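Q: Quick one: the structure is below, questions incoming.
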Amino acid sequence: MTQTPKCIKCQSSVTYFDGSLFHCTECFHEWTQEDMEAAEKFDKVVDSNGNELFDGDDVTVIKDLKVKGSSMVVKRGTRARGIRLSSDDPTHVQAKVDGQTIYLKTEFLKK
């Protein structure tokens with residue numbers, strides 16, 4: 001069985017190919033092979049406002065976040081210093097918050 005690619009819009013792995021188009025069953029996005037190749041070329045990491053993020057940037061958390069596996073809560077307005085981009089998932093970054101290194105989703109960050 002061949003593996004279908006992840007959705008280029010929501011990164012869901014629940015996709016299928018109908019012979020001419022790829023379809024996502026979660027966000028209902030449809031795309032072609034050419035769309036997928038274009039998305040790979042312009043794959044960049046963006047924050048909640050659409051600003052592009054780079055290694056070493058400082059960002060601010062826009063929502064109170066509970067850290068899984070810990071009693072730590074990252075409060076809104078906390079600065080995350082020196083982020084590192086994840087090579088396998090553009091929606092996650094690694095950052096130092098209150099002396100601890102944690103992973104944060106880019107949808108909860110602003111530059």
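The numbers here are math on the coordinates, done by the rules we state, and not lab data. What you see is a predicted model; the values in this text were computed from it and never measured. Every residue, glycine as well, gets a Cβ built from its backbone with ideal geometry; the counts of neighbours run over all protein chains shown.
Q: In a shell of Cβ-Cβ distance under 10 Å around Ala95, excluding Ala95 itself, what net charge do Lys and Arg (+1) and Asp and Glu (-1) give?
A: Details: positive: Arg79, Arg81, Arg84, Lys96; negative: Asp57, Asp58.
Around Ala95, the charge tally is +2.
Q: Cα to Cα, under 15 Å, and not fewer than 8 places away if on the same chain: which aspartates and glutamates meet these conditions relative to Lys63?
A: Asp47, Glu107
Q: Turning to a different aspect of this structure: Assign unit charges at the C-beta atoms only (+1 for Lys and Arg, -1 for Asp and Glu), then state the dipole size of region 59-110 relative to its Cα centre in Debye, rounded to the nearest 20.
A: Details: 11 positive and 5 negative charges, 50 e Å.
Its charge dipole is roughly 240 debye.
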